[in-house]
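Here the structure is laid out as structure tokens; the discussion comes afterwards.
FYI, it's all coordinate maths here, none of it is from the lab. Since the model is a prediction, treat every value here as computed from it, not as a measurement. Note that each Cβ is placed from the backbone with ideal geometry, even for glycine, and that neighbours are counted across all protein chains shown.
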Amino acid sequence: MVLDCGICRLRPWRRGDESALVRAADNPNVARYLRDRFPHPYTLDDARAWIEINESSDPQTHFAVTIDDVPIGGAGFILHDREERTTAEVGYWIAEPHWGRGIASAALRALTDYAFATHGLERISSVVMHPNTASQRVLEKVGYEREGVMRRAVVKNGEIYDLMVFAKIR
């Protein structure tokens, strides 16, 4: 499964991506506003573990964002279950040298379309730490709407931040 985004492609993570993943992910500016499950520093062992998890995933919900088949970021979604079975939460990140080129927007647009088309979803949401205005703009460009603010909801690197809640409805 490969999703063409125009300026990039989304494809499953695979063995051999480890070094490129570490190069792209091991940056404090990339990790700054991501959840703590995204490690920093990002090591080769972290990359191996992530790829192993994703090689056995069914359905495929996490993808490498690539240019010329080299990973420069990641994008994926978590499917909810039970009474929230028609919803998912999306997340994405791009290596710093590729910021500001529209890659995150292109990848999120392709991922969102794929998620709606293949999983019977009615709603896809994302939460963004308040200082991360670039990610908020990406979501808005793709048609996600800001629904609200969860005040003082997270602690990251010793700072307490509001979470901005965005969603796109089918």
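Here are the numbers for this structure:
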item: Listed residue (Cys5, Tyr42, Val138) projecting farthest to the positive dipole end of segment 1-142, Cβ model; result: Val138
item: Relative contact order computed over the chain (Cα-Cα under 8 Å; 6+ residues apart), in percent; result: 20 percent
item: Proxy reagent accessibility, fewest Cβ within 10 Å first, across Glu147, Glu140, Glu18, Glu89; result: Glu147, Glu140, Glu89, Glu18
item: Where Rh is the Kirkwood radius over Cα pairs, Rg/Rh for segment 18-129; result: 0.96
item: Solvent-free Debye scattering, log10 I(q)/I(0), computed from the Cα coordinates of segment 1-45 at q = 0.13, 0.23, 0.30, 0.31 Å⁻¹; result: -0.37, -0.91, -1.02, -1.03
item: Simple label model, 7 Å out from Cα along Cβ direction - His119 to Glu55, nm; result: 2.3 nm
item: Exposure proxy ranking, count of Cβ atoms within 10 Å, fewest first, for Arg146, Arg82; result: Arg82, Arg146
item: Potential lengthening between Arg170 and Arg146 on full extension [0.36 nm per residue; Cα-Cα distance subtracted]; result: 7.1 nm
item: Magnitude of the charge dipole, the chain, Cβ model with Lys/Arg +1 and Asp/Glu -1, debye to 20; result: 420 debye
item: For Met1, Met150, order by how many other beta-carbon atoms lie within 10 Å, fewest first; result: Met1, Met150
item: Inter-site label distance for Leu79 and Asn27 at 7 Å from Cα along Cβ, in nm; result: 3.2 nm
item: Virtual spin-label span in nm between Asp69 and Asp36, 7 Å along Cα→Cβ; result: 3.9 nm
